[in-house]
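I have placed the structure first, in the form of structure tokens, so that the comments after it can refer back to it.
The values are calculated or read from the model by the stated rules, or taken from the named source; none is laboratory data. Here the structure is a predicted model, which is why all the values come from computation and not from measurement. Positions of Cβ are backbone-derived with ideal geometry, glycine not excepted, and every protein chain shown enters the neighbour counts. What goes into the accessible areas is simple: the full protein's heavy atoms, side chains included, and nothing from ligands, DNA or RNA. Shrake-Rupley method; radii C 1.70, N 1.55, O 1.52, S 1.80 Å.
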Amino acid sequence: MKVLHVITSLRTGGAERLVLDLTAKMREAGIETDIAVFDGTQTPLMDEARKREINPIILGTGYRSMYDPRHVIRLGKIIGKYDLVNTHNYTPQIFTALASGRRGKPVIVTTEHNTDNRRRGNMLFRIPDHIMYRRYDSVICCSEPVRSNMADYLGTQEKMVTIANGINLTPFLTIPENSGHNGRKNILMVAAFRPQKDHLTALRALSLLPAEVGMTFAGEGETMDAVKAEASRLGLDNRVTFAGNITDIPGACREADAMLLSTRYEGLSLSSIEAMASGRPFVATDVNGITENTGDGALLVPPGSPREMAEALRLTLYDPGFARSLGEKGRRQAQRFDISTTTKLYISHYQTLLAK
């Protein structure tokens with residue numbers, strides 16, 4: 001079996017991390033697996049891929065290349081070499097659907113990573129989306145809320161299967177208990193700077209906490225400048241660190257007193273799994289894709305509510321007993337999301353599709 005994953009880039013985000021880890025695990029299982037990216041910009045994840053002897057097929061470079069329609073032709077020249085192609089994110093979804101030949105040659109699969117997106121609220125996309133999804137042999141949903149929302153949007157559950165995302169748990173489970181940082185306290189939020197992620201509410205919550213509390217944002221993206229401007233407006237420049245894209249998330253967790261994910265919607269966020277696996281107390285917004293997957297492993301607050309987020313963070317930062325208990329519950333919850341299990345389920349599903 002030869003498999004190709006197609007994604008916009010290896011810049012940042014849970015989908016990108018999942019594709020890299022799936023590819024590595026599938027290769028360990030003896031399956032010839034490659035990654036094609038629309039934007040081959042050098043990033044920490046790209047460096048990691050090459051260290052793991054995965055050399056992505058680069059179709060373009062730069063943000064604009066993520067939307068270059070010429071990728072349809074480029075994909076058409078390579079996908080026939082594979083038995084199965086698995087796409088991630090919208091432009092790879094639509095360009096691969098256009099590039100593929102007759103149905104079943106190769107088998108094409110797409111993974112849905114979110115319960116919602118900006119297209120679904122726009123009627124202009126509904127008919128093109130329905131046509132595109134019909135072209136796929138299977139739609140893998142990363143959680144049951146994603147599957148339910150997709151079924152509502154498309155009016156059918158035909159061809160859908162749920163396979164939960166996973167991470168490599170080992171480096172997180174060895175993170176020691178926090179021993180303090182000389183009176184300073186640090187909140188870590190790992191999330192790409194996109195409209196979906198609500199960094200502004202996180203900043204406003206920070207402004208309600210004592211001056212000894214700081215916040216680190218790990219990630220990059222289109223909304224970063226707006227978030228930096230808001231940090232300055234709130235007088236938080238000395239309390240907020242913009243760490244950019246980092247690959248050593250376990251190392252960053254070691255330096256954190258609490259984990260945070262302020263978001264408007266999710267599918268099954270890898271950063272939420274990482275936060276729970278770290279053993280640090282985790283505060284997150286109570287939205288689809290978070291609520292169902294964190295269970296009692298996170299302290300949930302309403303989205304867009306800085307005051308309630310600040311109170312939850314204050315509890316995790318200043319009540320050691322509560323923080324320890326919540327961290328232990330998070331680690332137990334994270335055990336459900338191991339990348340080895342995810343990979344086995346993907347491979348089994350691929351084999352079923354190819355057998356048909």
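Key figures
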item: Sum of -39500 (n - 2.57) over DSSP H runs of 4+, divided by residues of the chain (222 nm, nearest 500); result: -12500 deg cm²/dmol
item: Cα centre as origin, Lys/Arg/Asp/Glu Cβ charges: the range 158-270 dipole, Debye; result: 160 debye
item: Cα long-axis angle, helix 90-99 against the chain (0 to 90 degrees, to the nearest 10); result: 10 degrees
item: Gap separating the Cα centres of the range 248-291 and the range 63-79, nearest whole Å; result: 33 Å
item: Accessible area of the chain belonging to carbon and sulfur atoms, whole % at 1.4 Å probe; result: 50 percent
item: Ranked order, Ser65, Ser232 - accessible area, probe 1.4 Å, largest first; result: Ser232, Ser65
item: Heavy-atom SASA rank of Glu255, Glu212 (probe 1.4 Å, accessible area, largest first); result: Glu255, Glu212
item: Area accessible to solvent at Val146, 1.4 Å probe radius, in Å²; result: 0 Å²
item: Charge dipole magnitude, Cβ of K and R +1, D and E -1 - the chain, Cα centre, debye nearest 20; result: 1020 debye
item: Fraction of antiparallel bridges per DSSP, the range 195-346 only, in percent to nearest 5; result: 15 percent
item: Dipole magnitude (debye, nearest 20) for the range 222-299, charges at Cβ of Lys, Arg, Asp, Glu; result: 180 debye
item: Built amide H within the under 5 Å cut-off of Asn86, gap 5+; result: Leu4, His5, Val6, Val109
item: Protection proxy ranking of 272-279, 80-87 - average other beta-carbon atoms within 10 Å, highest first; result: 272-279, 80-87
item: Anisotropy class of the range 1-102 from Cα gyration tensor, a/c 1.5 cut; result: oblate
item: Label assignment, Rg/Rh (Cα atoms, Kirkwood Rh) derived from the structure, set [x] 0.97; [y] 1.15; [z] 1.02; result: [x]
item: Area of Ile246 that stays accessible when all protein chains are in place (1.4 Å probe, Å², to 10); result: 60 Å²
item: The chain: Lys pairs at Cα distance under 21 angstrom, eight or more positions apart or on different chains; result: 19
item: Listed residues Phe322, Pro210, Leu4: farthest to the positive end of the dipole of the chain (Cβ charges); result: Leu4
item: Solvent-accessible area per residue for the range 3-70 (1.4 angstrom probe, square angstrom); result: 41 Å²
item: Using θ = phi - 60° and Karplus 6.51 cos²θ - 1.76 cosθ + 1.60, couplings along the range 346-352 (whole Hz; Gly, Pro as x); result: 4, 4, 4, 5, 4, 4, 4
